[in-house]
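The values are calculated or read from the model by the stated rules, or taken from the named source; none is laboratory data. Bear in mind that the values here come from a model prediction, so they are computed numbers and not experimental data. Quick reminder, even Gly has a Cβ in these numbers, built from the backbone with ideal geometry, and neighbours come from all protein chains shown.
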Amino acid sequence: MQRPNLNLSSNCVYNNFSGEGGSIGGYGIVSQVSSKAAQCCRPSSGMLTNLVIHSKPNTHLRAAASMILSVTRASATLRPFRPRCLLPISFRRPVNFLVRWRAMASVASTTAGGVERKTAPYGSWKSPITADVVSGADKKLGGIGVAGDGRLIWVETRPEEGGRAVLVKESENSGDKPIDVIPSEFAARTLAQEYGGGAFSVFDNVVIFSNYKDQRLYKQIIGGGSPVPLTPDFGGSLVRFADGVYDPYLKLYLTVMEDHRKSSLNPATTIVSVNVDDETIQDPKEVVSGNDFYAFPRIDSTGRKMAWLEWSHPNMPWDKAQLWVGYFSEDG
């Protein structure tokens, strides 16, 4: 890495400053106790060697002076250091000096990344490590399903597309890129319980997913046209769906619904069914209700029973949750 070309210069004001300790503005008090101190003013030395900092000046000045000493000793590229003594000085006796150091970086000095060094107020400096650089490091994968042909489907979050969550399908040939299942104006992400998760479900060649922008459920035929909405537009993210499963016997989609229309602080959570075969958009039908939270509705192999978890305030699911099993009526 190229060494920054620092050009250090200083103004030294020597005085018989009799008081001990303290600092005045950008000034710090340093002392030297013998004639060896004259070495620091030798034009040929180009080095600071014998400065000693009093213990009472403030910490910032001590740190700055120590830094100047370290850089001066270590760098072979520094210009010779020649202090300008403004007053006559005698080194025959101990003397105090009032010194103001000014370290100036050359305008041409740059960092390794080619960014010009600038001085800025605290908290306002610009970093080359931006949020886009951090978040754009790699894609994130989440959720998984199996299509009717046995190939995998998953959610791929893409930083280069603003974090859009894309449903993709495994390619037929090994080594080929995965195939996008949903169009670019859609994103498979749910806001249920704020954390999200369980944004899609697959059966045969059909995917049911929650769209991030409007939180509606959509049906997408893999390799087909545009997604078809299954639930009404409730206005933004007022009604959210997550963790759904398809019942092939009743032709229904069972899912957790979180309704914020009456209260955003305490939304109503239920398990509902959605008809996926009907071309008309209908309100979801309530199947299970009465508790604060529901999760993991699952259908048995006969399609006649459903199991689910539920819990209530103030418990978390790992503290106290109940496993229920219910039977479907003839009309679902």
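Kindly evaluate Ser201 against the criterion of being of a type in the set (Gly, Ala, Ser) and surrounded by fewer than 16 Cβ atoms within 10 Å (Cβ to Cβ).
Working: of a type in the set (Gly, Ala, Ser): yes; surrounded by fewer than 16 Cβ atoms within 10 Å (Cβ to Cβ): no.
When the stated conditions are applied, Ser201 does not pass them.
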### Task
Just give me the residues in the stretch 179-216 being within 23 Å of the chain's Cα centre (by Cα) and among the basic types (Lys, Arg), in sequence order.
Arg189, Lys213
### Message
For the condition in the same structural domain as Gly145 (by TED's automatic domain parsing) and either over 24 Å from Lys213 (Cα atoms) or surrounded by fewer than 18 Cβ atoms within 10 Å (Cβ to Cβ) (or both), what is the one hit in Asp243, Asp283?
### Response
Asp283
### Query
So which residues in the stretch 166-191 are surrounded by 18 or more Cβ atoms within 10 Å (Cβ to Cβ), assigned to a strand (DSSP E or B) and not basic (Lys, Arg), if there are any at all?
Val166, Leu167, Val168, Ala188
### Query
Yes or no: Phe234 among the aromatic types (Phe, Trp, Tyr) and within 12 Å of Ile182 (Cβ to Cβ)?
no
## Note on the structure
By residue number, the members of the stretch 156-178 that are without any contact (Cβ under 8 Å) to a residue 40 or more places away in the chain and more than 20 Å from the chain's Cα centre (by Cα) are Val168, Glu170, Ser171, Glu172, Asn173, Ser174, Gly175, Asp176, Lys177, Pro178
### Query
Restricting the first residue to the stretch 141-154 and requiring it to be among the charged types (D, E, K, R), which pairs with a second residue that is outside any loop (DSSP other than H, G, I, E, B) and surrounded by 11 or more Cβ atoms within 10 Å (Cβ to Cβ) meet a Cβ separation below 9 Å and a spacing of at least six or different chains?
Arg151/Lys169
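Would you check which residues across the stretch 217-239 are within 29 Å of the chain's Cα centre (by Cα), surrounded by fewer than 23 Cβ atoms within 10 Å (Cβ to Cβ) and touching a residue at least 24 places away in the same chain (Cβ under 8 Å) and list them?
First pass over the stretch 217-239, keeping only residues within 29 Å of the chain's Cα centre (by Cα): 217, 235-239.
Remaining after also requiring surrounded by fewer than 23 Cβ atoms within 10 Å (Cβ to Cβ): 235-238.
Across the stretch 217-239, the qualifying residue is only Ser237.
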### Task
May I ask you to list the residues in the stretch 299-332 that are of a type in the set (D, E, K, R) and either touching a residue at least 12 places away in the same chain (Cβ under 8 Å) or within 14 Å of Val245 (Cα to Cα) (or both)?
Asp300, Arg304, Lys305, Glu310
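Quick check on Gly136: is it at pLDDT below 85, surrounded by 13 or more Cβ atoms within 10 Å (Cβ to Cβ) and of a type outside the set (A, V, I, L, M, F, W, C)? Steps first, answer last, please.
Details: at pLDDT below 85: yes; surrounded by 13 or more Cβ atoms within 10 Å (Cβ to Cβ): yes; of a type outside the set (A, V, I, L, M, F, W, C): yes.
Yes; evaluated as a whole, the condition is true for this residue.
For the stretch 192-202, name all the residues that are assigned to a loop (DSSP other than H, G, I, E, B) and among the hydroxyl-bearing types (Ser, Thr, Tyr).
Going through the stretch 192-202, the residues assigned to a loop (DSSP other than H, G, I, E, B) turn out to be 192-199.
Selection gives Tyr195 alone.
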### Filtered residue count, the stretch 254-274, keeping only those that are in contact with a Pro (Cβ under 9 Å, 6 or more places away or on another chain) and not in a loop (DSSP other than H, G, I, E, B)
11
